[in-house]
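Heads up: the structure comes next, in structure tokens.
The values are calculated or read from the model by the stated rules, or taken from the named source; none is laboratory data. Every value quoted in this text rests on a predicted model; they were computed, and no experiment measured them. Cβ coordinates were reconstructed from backbone atoms using ideal geometry, including for glycine residues, and neighbour counts include every protein chain displayed. Keep in mind that these areas ignore ligands, DNA and RNA; they rest on the heavy atoms of the full protein, side chains included. Shrake-Rupley method; radii C 1.70, N 1.55, O 1.52, S 1.80 Å.
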Amino acid sequence: MAVAVSQSSDPGAIQLDGQVGSLVGVLDVVLVAAGWSIAFTTTNIRAYRQPATTDGALRAYLRVNDAGPGAGGAREARIVGYETMSDVNTGTLPCPTVATMPNGLFVRKSATADATQRTWLIVADQRTVYMWVATGDSAGVYLLWMFGDFYSFKTTDLYRVMIMGRVTENSAVLTNTVDRGDMIENDASVVGNFHHIMRDTVANTGAIQAGKNGNLSFAINFGPLPLIGAIAYKNPADQYIYTPPIIVTHTAGGNTRRGLWRGMYHFCHAISNVADRETMPGREDLAGKTLTVVKQGGNAGVWMIETSNTWPTN
Amino acid sequence: MGVVLYRSTDPGAIQLDGLVGSLVGVLDVVLPAAGWSIAFTGTNIRAYRQPAALDSPLTLRAYLRVNDAGPGAGGAREARIVGYETMSDVNTGINPCPTVAQLANGLFVRKSAAADANTRTWMILADARTFYMWILSGDVASTYLCWMFGDYYSFMPSDFYRVMVMGRVVENSAVTGAIDGVGNEVDLGNVVGKEGFSSNMSGHFMFRDASHAAGAIAAGKVGDRSINPTLIGDGGASIAGFGNLAYKNPADSNIYTPPIFVTHSQGGATIRGLWRGQYHFGHAISAVSDGETFPGTLDLNGKTFRVIKQSGNLGIWVAETSNTWITN
């Protein structure tokens, strides 16, 4: 399936709120439309899987517990990836591992455990899903989580699957101690529990911590730093908007640039220059692509998401 | 003319030492071989010029004045360099780069730690538009200093003024790193700016800003800070030419050498272009040796690189020695 944009304002869209099952209600529709399967299901819990058409890849599972499993109740869900699953509650090789994150990562659905509807946006294809939620914790602020393939620099990288989410449950904090969806780390030596990859470069068994980098030279400060930058808008020499790729990194096996986030870029100018959902054409290396602004994150970053069906894939 | 690496070890090469005229002696041979002209000459002073062959597309054909007569407190240890947009004789030019207000005596090239006949290893990597010169001045063993003059690759269409100069900013100093013992910046030949590049770097000047308003401007350069978390001691403004990626990158076994961007703050934080033929080494310098060559990969496929190790800030230069420099 092609890269598709789904959002809560689409006609007939399932709505997200702070009640149990509302997240899997959205995902049941959107992920299946994007080509994923619902491998296992029970009340307010699902295991989604990348489709058979992605063979040559891991076809990883994503377990979503939307039954209000933690202290936040139905405000939040828990997510964990698995290499294989045999039923909705049983999987092998979790990502993150139990040792690093016993309850997995957290997806904040809503500031309140009630029926207040929250704006959501999903950009997905059959390999990768990014979901933004305007939780209502702070007006105009989106939180991002993701699961699925990155574009790997390694040839035949079966385990090129990662997950990103929040690391503290039942928290209204939107900034970097809890949520780095709109941030990049300084360099490849910085990893943490926000990002995890199914396996390291040599495919040792077990998930590893990961990080992501943009181009720190164009950023405004030392990190973790928001997805914005210091270049005048637009760059006076060529009138271009600078959006270098977001690089997936890890330290297991040495400081490694493992690959790229598919379809996501580092906006290297001040946040004030763009508006939420503004679109722009890619230039130079990104010619032929359409980029869409999602503004803004809890760390005052912005996302540049490629909404054309042009994501790099391997 | 293509890109050529000239070295003091070449057969018949002119030697560089701490005596007056030795630098222009080298340049008099190398730059014309690379296509440049000697526009004007005086005793131990020259004005070199980019060749007429550059006139398509139109370029500035800038002049570089080199005073190798021992003009400063360092005597013949050092020369002074200034660019000009035009010159009418060896001592007269207009629109200097840097301006007199920026640096009254221009920039400085350290030839030798001693004002004597000890010869010093040198290398020049040049084509008809741009040259870089490295010198083992003898101030610190095995430590190169680098200066340059000429075109960068501009991101601006029809950028007539895409010329820059880089050199030392303190005269008669034996310091080979970015700063001296009291915090003065001396030599930033191997360093690139950190995040928030909107501030300029000592010793880097361009002829004009992106609007082409007359007058040289301060400039800088950045590599990829995302591969080097280590600030050097120049007030925390810069990083040296190395990185912290494992060698080679475990995912693809490539050597990572991102480009070096040239920047300026005039007119807003601007990425003006790229240094032609130089790259930021993304790994520990212990992984490579001086003089080692390696082929480019990925975007740099077809290029050949040479390691110049090491700088006063414990970085290295990665110089593109194949005739594949980016040009506009």
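Within region A:59-87, being outside any strand (DSSP E or B), buried (at least 21 other Cβ atoms within 10 Å of the Cβ) and in contact (Cβ under 8 Å) with a residue 60 or more places away in the chain holds for A:60, A:72, A:75. Here residue B:154 does not fit the description of being farther than 22 Å from residue B:222 by Cα, within 14 Å of chain A (Cβ to nearest Cβ) and touching a residue at least 60 places away in the same chain (Cβ under 8 Å).
Selection of region B:261-272 for residues being more than 7 Å from chain A (Cβ to nearest Cβ) and either touching a helix residue (DSSP H, G or I) at 6+ places or on another chain (Cβ under 7 Å) or buried (at least 24 other Cβ atoms within 10 Å of the Cβ) (or both) yields B:261, B:262, B:263, B:264.
For the condition under 21 Å from residue A:108 (Cα atoms), more than 10 Å from every other protein chain (Cβ to nearest Cβ), open to solvent by less than 10 Å² (accessible area, probe 1.4 Å) and in a loop (DSSP other than H, G, I, E, B), residue A:181 qualifies. Per the conditions (1) more than 12 Å from chain A (Cβ to nearest Cβ); (2) in a strand (DSSP E or B), the sole criterion not satisfied by residue B:181 is (2). Scan region A:217-238 for residues that are among the hydrophobic types (A, V, I, L, M, F, W, C), open to solvent by less than 20 Å² (accessible area, probe 1.4 Å) and over 26 Å from the mean Cα position of the chain (by Cα) and the total you get is 1. Tallying residues that are assigned to a strand (DSSP E or B), away from every other protein chain (no Cβ under 13 Å) and closer than 25 Å to residue A:201 by Cβ within region B:273-294 yields 2. Residues that are open to solvent by less than 30 Å² (accessible area, probe 1.4 Å), more than 7 Å from chain B (Cβ to nearest Cβ) and either in contact (Cβ under 8 Å) with a residue 60 or more places away in the chain or over 20 Å from residue A:174 (Cα atoms) (or both) do occur in region A:185-193, at least one of them.
Among the residues of region B:66-99, the ones that are within 17 Å of residue B:203 (Cβ to Cβ), open to solvent by 40 Å² or more (accessible area, probe 1.4 Å) and either touching a Lys or Arg at 6+ places or on another chain (Cβ under 7 Å) or without any contact (Cβ under 8 Å) to a residue 12 or more places away in the chain (or both) come to 0 in all. Within region A:142-157, the set of residues being at pLDDT 95 or above, part of a loop (DSSP other than H, G, I, E, B) and open to solvent by 10 Å² or more (accessible area, probe 1.4 Å) comprises A:153, A:154. Is it fair to say residue B:29 is of a type in the set (A, V, I, L, M, F, W, C), out of contact with any helix residue (DSSP H, G or I) (no Cβ under 6 Å at 6 or more places or on another chain) and either within 26 Å of residue B:11 (Cα to Cα) or open to solvent by 20 Å² or more (accessible area, probe 1.4 Å) (or both)? Yes; evaluated as a whole, the condition is true for this residue.
Restricting region A:251-267 to residues that are more than 9 Å from chain B (Cβ to nearest Cβ) and surrounded by 23 or more Cβ atoms within 10 Å (Cβ to Cβ) leaves a set whose member that is farthest from residue A:195 (Cα to Cα) is A:267. Here residue A:111 passes the criteria (1) among the aliphatic types (A, V, I, L, M); (2) in contact with a Pro (Cβ under 6 Å, 6 or more places away or on another chain); (3) open to solvent by 20 Å² or more (accessible area, probe 1.4 Å) except the one numbered (2). Here residue B:198 fulfils each of the conditions (1) modelled with pLDDT of 95 or more; (2) within 14 Å of chain A (Cβ to nearest Cβ); (3) assigned to a loop (DSSP other than H, G, I, E, B) apart from (1).
Quick one: would you say residue A:200 is among the charged types (D, E, K, R), touching a residue at least 24 places away in the same chain (Cβ under 8 Å), assigned to a loop (DSSP other than H, G, I, E, B) and closer than 23 Å to residue A:62 by Cβ? In short, yes. Of the residues making up region A:268-285, those that are open to solvent by 10 Å² or more (accessible area, probe 1.4 Å) and within 14 Å of chain B (Cβ to nearest Cβ) are A:270, A:272, A:273, A:283, A:284, A:285.
The residue list B:200, B:254 contains one member that is surrounded by fewer than 24 Cβ atoms within 10 Å (Cβ to Cβ) and in contact with a Leu (Cβ under 9 Å, 6 or more places away or on another chain), which is B:254.
Per-residue answers, yes or no, for (1) part of a loop (DSSP other than H, G, I, E, B); (2) not hydroxyl-bearing (Ser, Thr, Tyr):
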{"residue": "B:24", "(1), (2)": "no, yes"}
{"residue": "B:30", "(1), (2)": "no, yes"}
{"residue": "B:48", "(1), (2)": "no, no"}
{"residue": "B:60", "(1), (2)": "yes, yes"}
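When B:60, B:19 are checked against the criterion of being at pLDDT below 95 and either open to solvent by less than 40 Å² (accessible area, probe 1.4 Å) or on the phi < 0 side of the Ramachandran plot (or both), B:60 stands alone in meeting it. Cβ-Cβ distances below 6 Å connect the following pairs, each with a first residue in region B:196-221 that is of a type in the set (Asp, Glu), a second residue that is open to solvent by 30 Å² or more (accessible area, probe 1.4 Å) and assigned to a loop (DSSP other than H, G, I, E, B), and a separation of six or more residues or different chains: B:209/B:266; B:209/B:267. The single condition from (1) within 18 Å of residue B:223 (Cβ to Cβ); (2) at the interface with chain B (Cβ under 10 Å from one of its Cβ atoms); (3) surrounded by fewer than 24 Cβ atoms within 10 Å (Cβ to Cβ); (4) touching a strand residue (DSSP E or B) at 6+ places or on another chain (Cβ under 7 Å) that residue A:214 fails is (3).
Could you go through region B:232-244 and let me know if any residue there is assigned to a loop (DSSP other than H, G, I, E, B), at the interface with chain A (Cβ under 9 Å from one of its Cβ atoms) and touching a helix residue (DSSP H, G or I) at 6+ places or on another chain (Cβ under 8 Å). Looking for residues that are assigned to a loop (DSSP other than H, G, I, E, B), at the interface with chain A (Cβ under 9 Å from one of its Cβ atoms) and touching a helix residue (DSSP H, G or I) at 6+ places or on another chain (Cβ under 8 Å), one finds at least one in region B:232-244, hence yes.
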